[in-house]
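Reviewing the structure listed below.
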Amino acid sequence: MTSYQIDIKQCAKCGCEFTSWEVASCNTFGAKFYTDGCVKGPMYDRGSPLLICPGCSKYFWREDVPTLESMRDNKYFIKYVGNSDKRAFPNSGCVQGHHYEDMVRQSFWRTPDVEKYIRIRAWWSSNSPYRENPTQEFRLSTEQEDNLRRLLELLDADDPHESLMKAEILRELGEFKECLKLLAKPFEEMFLPTVDAIKALAHDRKRKVELLG
């Protein structure tokens with residue numbers, strides 16, 4: 001079950017009051033795991049530290065928007081949704097994959113770590129068509145390739161999660177030799193299924209994101 005902390009926030013730009021839903025808990029039951037590190041599941045919500053104001057449609061970091069009131073989702077439904085005397089608040093816009101691609105175009109970050117966060121999610125977004133239709137022909141636009149090459153610079157090869165992402169990016173770029181070279185180093189047992197899956201795809205010279213397992 002997915003539960004949320006709901007904040008009533010007020011946009012400092014346009015004054016709109018709206019609700020922001022932040023993930024309090026979720027699980028991966030029934031979820032699908034992919035070679036690029038993306039997870040999709042009916043009860044899985046990765047959440048986002050970014051918001052879209054429903055009033056002015058501007059992107060904001062959650063922490064930068066003043067909070068007027070905060071409560072768990074069940075209390076919010078009792079206090080506001082089920083109370084005709086209380087006014088309803090619009091929800092903040094849902095930050096989805098294509099928004100991250102737009103943020104890359106805007107260079108919407110302050111630090112390399114934030115840039116990495118946004119670029120990873122833009123990458124996942126660019127792979128979404130192949131998750132929805134695995135038979136679709138794999139192509140990288142110039143913009144998508146530039147994003148992947150910048151990610152190679154930002155990801156830390158000493159971090160096993162990020163090292164796997166680097167290997168997957170190299171595979172998607174068609175640089176199979178470099179991909180396999182990166183995967184030749186030792187990994188802990190928990191990472192080996194992913195290592196083996198990416199290795200097999202690289203040996204077969206396949207570039208498209210794939211489902212694990």
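The values are calculated or read from the model by the stated rules, or taken from the named source; none is laboratory data. Nothing here was measured: the structure is a model prediction, and the numbers come from that model. FYI the Cβ positions are ideal-geometry reconstructions off the backbone, even for glycines, and counts take in every protein chain you see.
Below is a table of values for the structure above.
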| quantity | calculated |
| --- | --- |
| Subset tally (residues that are loosely packed, with under 15 Cβ neighbours inside 10 Å and of a type in the set (Ser, Thr, Tyr)) for segment 119-142 | 3 |
| Selection status of Lys40, out of contact with any strand residue (DSSP E or B) (no Cβ under 6 Å at 6 or more places or on another chain) and basic (Lys, Arg) | no |
| Glu168 being under 19 Å from the mean Cα position of the chain (by Cα), farther than 11 Å from Asp36 by Cβ, surrounded by 15 or more Cβ atoms within 10 Å (Cβ to Cβ) and not hydroxyl-bearing (Ser, Thr, Tyr) | no |
| The one condition in (1) in contact with a strand residue (DSSP E or B) (Cβ under 9 Å, 6 or more places away or on another chain); (2) surrounded by fewer than 13 Cβ atoms within 10 Å (Cβ to Cβ) that Gly55 fails to fulfil | (2) |
| Cross-chain or 6+ apart pairs with Cβ under 7 Å, segment 38-54 first and at positive phi, then surrounded by fewer than 19 Cβ atoms within 10 Å (Cβ to Cβ) | Gly47/Glu22; Gly47/Val23 |
| Check on Lys75, among the basic types (Lys, Arg) and either under 28 Å from Arg205 (Cβ atoms) or at pLDDT 95 or above (or both) | no |
| Strands (runs of 3 or more DSSP E) enclosed by segment 1-100 - at least 2 residues per element that are under 15 Å from the mean Cα position of the chain (by Cα) and not assigned by TED's automatic domain parsing to the domain that holds Tyr117 | 17-25, 50-52 |
| Condition broken by Asp102, with the remaining ones in (1) at pLDDT 85 or above; (2) in contact with a strand residue (DSSP E or B) (Cβ under 8 Å, 6 or more places away or on another chain); (3) under 28 Å from Glu162 (Cβ atoms); (4) of a type in the set (D, E, K, R) satisfied | (2) |
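Each row is one residue, and each column tells you yes or no for (1) among the polar types (S, T, N, Q); (2) on the phi < 0 side of the Ramachandran plot.
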| residue | (1), (2) |
| --- | --- |
| Thr111 | yes, yes |
| Glu115 | no, yes |
| Pro129 | no, yes |
| Lys166 | no, yes |
| Ile198 | no, yes |
| Gly213 | no, no |
